[in-house]
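Notes for the one structure printed next.
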Amino acid sequence: MSADASAFYDVLETRPPELRERHLMAALPTQVAHARAHAPAFAELLRDVSPAEVTSRAALARLPVTRKHELIERQRATRAGGDPFGGFATIGWHTRSGALRVFASPGPIYEPEGRGPDYWRAARALYAAGFRAGDLVHNSFSYHLTPAGSLVETAAQALGCTVFAGGVGNTELQLQAAADLQPQGYTGTPSFLKILLDKAAESGVALPTLRKALVSGEAFPVSLRDWLAERGIAGYQCYATADVGLVAYETTARQGLVLDEHVIVEIVRPGTGDPVAEGEVGELVVTTLNPDYPLIRFGTGDLSAILPGHCPTGRTNARIRGWMGRADQTAKVRGMFVHPAQVADIARRHPEVTRARLVVSGEMANDRMTLQVEVAQRPEGLSARIAESIRDVTKLRGEVVLQAPGTLPNDGKVIEDARRYD
């Protein structure tokens, strides 16, 4: 661990992993009880759960995963009754302690922002990216509808930074402001930062003080990171969502993204709530300790994987590989939707199956399904029994290919659409 304490946002980042786990698991039953008592949706979803017994990851894994489509459905159902948050939030806006702001994500999904400082907990990511008190931050995240702008602004203010509220678009005006104000840092999408810098070079505008950036919202390829470095800007990325706030952030080691200290992250097989082995790609599921919006096992719909070991910077929390695609791999086959959960259901019916991947091939109107399954033992008739399960679960016929353990790619895909559309 580095001896320089100023390299870390707080002492939580370098505590022994077993101490962190003990604190998170100790907080878990209180959060589950709070959600059950004050969030009607969780009162229903967790009605048969004893919060006092949810003290381990194994116990947490037995709780249901809530995915975005369920948020949308429940919000639609409760909107007429005056609850726009679908029964998942413990705050509204009818009291002085209620929501400070309300945001909307595609769906639409409405999210509350509470009144606590650094509500989305993103100050930690800014600090790891080199932002410090006294910096002027040029914030080009959106300030309307989605919470990205507020997420970064409240974090920067918690650090003691000043924020220029640039928002999105208006490239010429934003460049003029950057030239006039000379900010130390940029926050926003990496693509817009490149647009600004290209425009500055084209216009002959100097931005000598801009030396750091925290980017998110889209892919941040190494090629762009290196392009920024050639222009004197150290760019780092973070992974956050409008539902749970900061999940993970990049450090100077640039070896994955370190998890935030106030979330519990699991990687599960897409379409299920079953945790996968360390290193295996799956859906990123987050439990937040936020009392205002206490999402328990929220399925982000994003794929990632846990990296082995700890960050070379001395931060001891687990790391993820970053965003690796979407977990929702639903495919329409011969007029019928096939979901990852159905593939998981088929696999569960046969103890011999350790992993399964459904490949949809052929051309449109001539679809063919092949279920590739990893099995260590091949009892007689197994392929035929699995084929029967395919038809029973999906109402479609499919071929079965038995493969040795470790054969299928570690990319998180449960359904691969390999059809030709040309």
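Here the dipole of the chain is about 500 debye; that uses its Cα centre as origin and unit charges on the Cβ of Lys and Arg (positive) and Asp and Glu (negative). For segment 37-88, the relative contact order comes to 37 percent (Cα pairs under 8 Å, sequence separation of at least 6). Taking the structure as given and computing Cα extents along the principal axes in Å, which label from (1) 74, 51, 50; (2) 63, 43, 39; (3) 68, 59, 42 fits? Label of the calculated value: (1).
Available extension along the chain between Arg385 and Arg211 is 56.5 nm, counting 0.36 nm per residue and deducting the alpha carbon span. With R₀ set to 30 Å, the beta-carbon distance separating Thr354 from Arg57 gives a calculated FRET efficiency near 0.90. Panel order for Arg391, Arg269, Arg15, by other beta carbons found within 10 Å of each beta carbon, from fewest to most: Arg391, Arg15, Arg269. Starting from the Cα gyration tensor of segment 1-146, take the square roots of the eigenvalues, sort them a ≥ b ≥ c, and report rounded, prolate or oblate (rounded when a/c is under 1.5, otherwise prolate if a/b is larger than b/c, else oblate). Since a/c reaches 1.5 but b/c is at least a/b, the shape of segment 1-146 is classed as oblate. Mind giving me the FRET efficiency for Ala179 and His94? R0 is 45 Å, r the Cβ-Cβ distance, nearest 0.05 is fine. Efficiency for this residue pair is about 0.50.
Label-to-label distance for Leu224 and Gln377 is 5.0 nm, based on points extended 7 Å past Cα in the beta-carbon direction. The protection proxy used here, the mean number of other Cβ atoms lying within 10 Å of each residue, ranks peptides 208-217, 409-418 as follows, highest first: 208-217, 409-418. Our estimate of slack between Glu73 and Arg326, defined as 0.36 nm per intervening residue step minus the Cα-Cα distance, is 89.1 nm. Here's the list of lysines a cross-link from Lys68 could span, going by alpha-carbon distance under 23 Å and ignoring same-chain residues fewer than 8 apart: Lys332, Lys413.
A simple packing score, the average count of other Cβ atoms within 10 Å per residue, orders the peptides 336-347, 18-29 as 336-347, 18-29, with the highest score first. Descending by average beta-carbon neighbour count within 10 Å, the peptides 77-83, 304-310, 92-98, 124-130 line up as 124-130, 304-310, 77-83, 92-98, the highest first. In the chain, helices alone account for a calculated mean residue ellipticity at 222 nm of -8500 deg cm²/dmol, with every DSSP H run of four or more residues adding -39,500 (n - 2.57). If the reach is capped at under 23 angstrom between alpha carbons, list the lysines near Lys212, excluding any in the same chain fewer than eight residues apart. Straight-line reach from Lys212, under 23 Å: Lys194, Lys199.
Relative contact order, whole percent, for segment 331-417 stands at 34, derived from Cα pairs under 8 Å and 6 or more residues apart.
Here the contact order of the chain, divided by its residue count and restricted to Cα pairs under 8 Å and six or more residues apart, works out to 12 percent.
Computed from the coordinates by the stated procedures, all read-outs in this text should not be read as laboratory data. Because the structure is a prediction, the values reported are computed rather than measured. Cβ: placed from backbone, ideal geometry, glycine included. Neighbour counts: every protein chain shown.
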